[in-house]
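I have placed the structure first, in the form of structure tokens, so that the comments after it can refer back to it.
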Amino acid sequence: MAERIIIDTDPGHDDAFAILLALAAPDLEVLGLTTVAGNVPVATTTANARRVVELAGRPRVPVFAGADRPLLRAPMHAHDIHGKMGIDGYDWPEPARPAEPEHAVDWMVRTLAASAERSVTLVVLGPETNVAMLLRRAPELGTRIRRIVVMGGGFFEGGNYAPAAEFNILVDPEAAAIVFGSGIELVAMPIDCTNRTLTPASWIPDLKALGTRVGDACAGMQGFFQVAGNRKYGTTTRPLHDALAMAWLLWPELFRGRLCNVEIETRSELTRGATVVDWWHRTDRPRNCLWIRDCTDPAELYRRMLARLATL
Ligand code: RIB
Ligand code: CA
């Protein structure tokens, strides 16, 4: 039975890889994409989500635009990493189909209300604003959610967009606090894991060698996406953070983590957005999150990812 998923996303280069990976997975049923302001404004993340589903040859996968700003704070974008339109590096056509007219949160409520208990998985690849709004709008529908897999956070690795915070959590810490405090089964794919799971040196040639539009688009995106990160980290390749969150769903056996308490700092201006991980179980706070610490075989992971992308 394929796992029914909703992808909440701010495409974003690594979001695009995650979406393509999901659409290529026979064991995942993508019910739809909900977009959020994050890497770039929500109008652009929405158009990009449409571009990616059409690139995958799945134009009927619905895309719903969501929150255009965090719950409380001013929007924050990452054009320095993702460029002006968010998935720069390829000559993208305009999307052929528009996004759906319904607001993302309204559609999530309607979809969960029509779903059985614990039957829908949320894969959250950007700031968690939409999911927080969903949980505040219809808390009783939390039991329809099987699990929430988020790309976000950092503890052993520190932060990537602030000294103590990873971008997705930093943009909307209040939303993350609602999601992490929901009591729903939660898996976090933090930069603790992703920053140590870099794409192989041959990744771009491997993608080009697919000889497909998907391969060409992914090669172009990777080339653009890794410039800023390589300069900042002194690396030669970069990890596809969001695609690793999706990969956990497909191949959890390739990852190691620990169930522990994770709380979100929302008050301090110095450490706002920090994910405070009680890795050594020093407190009796609820162990609300499976915190993924590393990937046991990055080469195998990206080999599997390439094989799935080759099917599109
Ligand atoms: O910190 C990495 C995360 O922030 C990824 O989801 C990337 O797409 C950006 O949203
Ligand atoms: Ca993202």
Most fluctuating of Phe17, Phe224, Phe167 in the GNM of the chain (C-alpha, under 10 Å) is Phe224
With only alpha-carbon atoms in the gyration tensor, what are the semi-axes of the equivalent ellipsoid for the stretch 117-215, in Å, largest first?
29, 19, 11
Quick one: Cα centre-to-centre distance for the stretch 195-255 and the stretch 112-163, in angstrom?
24
Normalise the Debye intensity by I(0) for the stretch 43-148, one equal point scatterer per Cα, no solvent, then take log10 at q = 0.15, 0.19 Å⁻¹ and round to two decimals.
-0.74, -1.09
Treating the Cα atoms of the chain as identical point scatterers in vacuum, please give the log10 of the normalised Debye intensity I(q)/I(0) at q = 0.09 Å⁻¹, two decimals.
-0.38
Pairwise centroid distance, computed over Cα atoms, of the stretch 89-104 with the stretch 20-73, Å
9
Going residue by residue through the stretch 63-76, the Karplus relation 6.51 cos²θ - 1.76 cosθ + 1.60 with θ = phi - 60° gives ³J(HN,Hα) values, rounded to whole Hz and with x marking Gly or Pro, of 10, 10, 6, x, 5, 9, 6, x, 4, 10, 9, 6, x, 9
Out of all DSSP beta bridges in the chain, what portion is antiparallel? Express it as a percent rounded to 5.
30
Taking only the alpha carbons of the stretch 1-103, what extent do you get along each of the three principal axes, in Å, biggest first?
41, 32, 23
Translational diffusion coefficient (Stokes-Einstein; Kirkwood radius from C-alpha pairs) of the stretch 144-188 at 25 °C, 0.890 mPa s, in µm²/s:
221
Can you give the three extents of the C-alpha atoms in the stretch 219-312 along their principal axes, from longest to shortest, in whole Å?
46, 32, 22
Express the Stokes-Einstein translational diffusion coefficient of the stretch 146-271 in µm² s⁻¹, to the nearest whole number, given a Kirkwood radius over alpha-carbon pairs, 37 °C and a viscosity of 0.692 mPa s.
205
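None of the figures in this text is laboratory data; all of them are computed from the coordinates on show. Just so you know, these numbers come straight off a predicted model, no measurement behind them.
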